[in-house]
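What follows is a short report on a single structure.
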Amino acid sequence: MLTHGLPFGGVSTVIKSILENWNEPVSLFLFVIKRKQREEKIDYPDVIFSTKTSWLIFPTLFEIKKIILARNIGLIHCQGYPLVVIYASLLKILWFHDLKIIYHFHGSLKNIEGNHFLHGFYYDFLLKLFIKYIDLFIVVTKAQRKELELKYGNKLRKVVVMYNLLNLKHFAPENKIPSNDAFKDIGLPFVPSKTFIIGFAARLLPHKGWKDFLDAVCLVKEKYPEMKYLIASDGPDRQNLIRYIEELRLLNSVFYIGYVEHIINFYSGLDCFVMPSHWETMGLTQLEAQALGIPTICSNIECVAEVVENNVNTLLFPVGNSEELAHRMEQIYLDKPLREMLIKNGLENVKRFSPKLYVEKLNNIYTELLDK
């Protein structure tokens, strides 16, 4: 398995879950091209970090070449940025012509093209240039598969949908802690166990919908000032978020607690979790919350609607519609039977994302490709 780095986020979480649950016949190891100041810690014996610090590709390429020869590696599973596909493709072109390449596509072509022209051009250019060397694409939703097929058509050899796995041993109701203990080090000016708390956690970027969340809070606060809201996150929009909280005069209702290392502690103090993203490839936070027995509210984007069901195990609202989000928050707050139904069905829903089922399917994919 090859990745550019292990920053905190969805791709690193998926890699960590795969490796920590791997117990299959195919031998698997991870090579990481660049170290990060903050990175995911993985409890797996076979993780190798590149010793090269140069921005040039070839020193690291020769490093990977030596490992392939020493370990008789026949397949590279690329994760994360398309830059890793360059490394794998060059290895195939220059030395290992029978090397099989999988690209695990975690992104969204719609977002990349719409977010920044140069970024989108670069991403698209790399895929078009090296797509003929990729034996198989793994995508995390049917919506992603549709995007790829519309964009690249018959240039794709094969595309397989594999919904991201969820560590159900870690994210389990029995691992929650009492709500009063969850935030004891923060010094909140209220008693969590006696307060209805709605939470939001995501990297602070515009498309994560943090502004919609705060706009909805503004509306709910007028009717139910006793409710409180917690935001656990960090990112480029951090200062914008803090300013907006002040601008909306929400300092007594919304508490920004920054980056939280033990996310289960954060979830443990919540009565409801909101994921208001404008786009996602699949999303994991809403499933983590469900696995812990927390009712969820999510924006109705195509990929998220594949993994949750409206009015069954979650409540959906139109993307960017803070009025509808506020309405959903009120529903959750006022309707205890609704919350209990969402909790029960959410716990059932997450069973579909079992690590055991996932790694068995991935091992079959590896075996099939290696046998060709």
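Every number here is computed from the coordinates shown, using simple stated rules; none is lab data. Being a predicted model, the structure only gives us computed values, none of them experimental. Positions of Cβ are generated from backbone atoms using ideal geometry, with glycine treated the same way; all protein chains shown enter the neighbour counts.
Worth a mention:
- Projected label distance in nm at Leu129 and Val26, using a 7 Å step from Cα toward the beta-carbon: 2.7 nm
- Exposed GluC sites (Glu not before Pro) absent - longest run of the chain, DSSP non-H/G/I/E/B, at most 13 other C-beta within 10 Å: 1-225
- Farthest positive-ward along the range 173-352 dipole, Cα basis, beta-carbon charges - from Ser179, Leu214, Met275: Ser179
- Amide H partners (placed H, <5 Å) of Cys272, local residues excluded: Ile197, Gly199
- Here the Karplus relation 6.51 cos²θ - 1.76 cosθ + 1.60, evaluated at θ = phi - 60°, turns the backbone of the range 353-362 into coupling constants of 9, 4, x, 4, 5, 5, 5, 5, 5, 5 Hz, with x for every Gly and Pro.
- Whole-angstrom gap from the range 175-237 to the range 312-372, using each part's C-alpha centre: 20 Å
- Within the chain: Cβ-based charge dipole about Cα centre, in debye rounded to nearest 20 (Lys, Arg +1; Asp, Glu -1): 1040 debye
- Amide H contacts under 5 Å for Phe49: Val32, restricted to partners 5 or more places along the chain or on a different chain, H placed in the peptide plane at 1.01 Å from N.
- In Hz, Karplus ³J(HN,Hα) per residue of the range 205-219 (6.51, -1.76, 1.60; θ = phi - 60°; x = Gly, Pro): 9, x, 6, 7, x, 4, 5, 4, 4, 5, 5, 5, 4, 4, 6
- Point-charge dipole on Cβ atoms (K/R +1, D/E -1) for the range 1-67, about Cα centre, debye to 20: 380 debye
- Overall form of the range 173-352 per C-alpha gyration tensor (a/c, 1.5; a/b vs b/c): rounded
- Nitroxide proxy distance, nm - points 7 Å out along Cα→Cβ at Thr195 and Tyr224: 1.5 nm
- FRET efficiency for Lys158 and Lys336, using Cβ-Cβ distance with R0 set to 56 Å, rounded to 0.05: 0.70
- Highest-fluctuation residue, Lys16, Lys66, Lys151 considered, GNM on the chain with Cα pairs under 10 Å: Lys66
- Note on the chain: with a GNM built from Cα contacts shorter than 10 Å, the maximum mean-square fluctuation among Ile57, Ile297, Ile102 falls on Ile57.
- Cα long-axis angle, helix 336-349 against the chain (0 to 90 degrees, to the nearest 10): 10 degrees
- Exceeding the 30 Å Cα-Cα cut-off - candidates Lys41/Lys208; Lys208/Lys351; Lys142/Lys351; Lys34/Lys351; Lys176/Lys208: Lys34/Lys351
- Highest-fluctuation residue, Asn300, Asn321, Asn72 considered, GNM on the chain with Cα pairs under 10 Å: Asn72
- Inter-label distance for Lys169 and Glu302, nm, one decimal - labels placed 7 Å from Cα along Cα-to-Cβ: 3.7 nm
- Cβ charges +1 (Lys, Arg) and -1 (Asp, Glu), total dipole of the range 173-352, debye: 300 debye
- Per-residue ³J(HN,Hα) for the range 80-93, Karplus 6.51 cos²θ - 1.76 cosθ + 1.60, θ = phi - 60°, Hz, x for Gly and Pro: x, 4, x, 3, 5, 5, 4, 4, 5, 5, 5, 4, 5, 5
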